[in-house]
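Here is the structure we will look at.
The values are calculated or read from the model by the stated rules, or taken from the named source; none is laboratory data. As the structure is a prediction and not an experimental result, all values here were calculated from the model. As a convention, Cβ positions derive from the backbone with ideal geometry for all residues, glycine included, and neighbour counts pool all protein chains shown.
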């Protein structure tokens with residue numbers, strides 16, 4: 001289910017440059033995918049405070065796949081373990097589609113060691129952030145991963 005509740009979006013001055021297709025590209029749209037509503041809310045607040053960033057969220061991989069076309073995210077923040085479609089299954093489905101084959105992704109997981117090689121070797125994986133994470137630092141960390149690409 002796509003979450004567009006209040007507090008899930010924030011728009012400010014452009015910032016957050018990254019490289020997409022060899023061109024500098026602003027980080028403007030993030031899709032957060034996690035089955036825990038409270039975690040989606042925390043991430044929406046933290047990431048929505050980044051200048052120029054709009055955050056949308058989905059509760060599982062299936063909802064994320066349905067939302068990708070309309071949301072056109074620059075970055076996907078993806079939980080590894082979810083019902084319906086988990087993070088690795090969602091990533092595999094995205095990579096099979098030309099429009100999302102190169103979509104940058106950051107994984108959130110309590111066990112990075114459990115991620116399959118298809119995830120850990122994905123050329124568009126910007127990073128793996130362990131859970132639990134510091135809610136006060138997560139926005140800065142994801143911005144750093146974006147800027148370093």
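Kindly indicate whether residue 89 is at pLDDT 95 or above and within 21 Å of residue 45 (Cα to Cα).
Numbers: at pLDDT 95 or above: yes; within 21 Å of residue 45 (Cα to Cα): no.
Taking the combined requirement at face value, the residue does not satisfy it.
Which residue out of 43, 47, 27, 65 is farther than 16 Å from residue 139 by Cβ and in contact with a helix residue (DSSP H, G or I) (Cβ under 8 Å, 6 or more places away or on another chain)?
Exactly one residue qualifies, and that residue is 65.
In region 121-137, how many are within 25 Å of residue 66 (Cα to Cα) and touching a helix residue (DSSP H, G or I) at 6+ places or on another chain (Cβ under 8 Å)?
6
Which residue, of 102, 62, is more than 15 Å from residue 125 (Cβ to Cβ) and either touching a strand residue (DSSP E or B) at 6+ places or on another chain (Cβ under 8 Å) or touching a residue at least 12 places away in the same chain (Cβ under 8 Å) (or both)?
Of 102, 62, the one residue that is more than 15 Å from residue 125 (Cβ to Cβ) and either touching a strand residue (DSSP E or B) at 6+ places or on another chain (Cβ under 8 Å) or touching a residue at least 12 places away in the same chain (Cβ under 8 Å) (or both) is 62.
What's the number of the only condition in (1) part of a loop (DSSP other than H, G, I, E, B); (2) at pLDDT below 95; (3) under 15 Å from the mean Cα position of the chain (by Cα) that residue 15 fails to meet?
(3)
If you scan region 135-149, which residues turn out to be modelled with pLDDT of 95 or more, touching a strand residue (DSSP E or B) at 6+ places or on another chain (Cβ under 8 Å) and part of a loop (DSSP other than H, G, I, E, B)?
Once the filter is applied, which keeps residues that are modelled with pLDDT of 95 or more, touching a strand residue (DSSP E or B) at 6+ places or on another chain (Cβ under 8 Å) and part of a loop (DSSP other than H, G, I, E, B), region 135-149 yields only 148.
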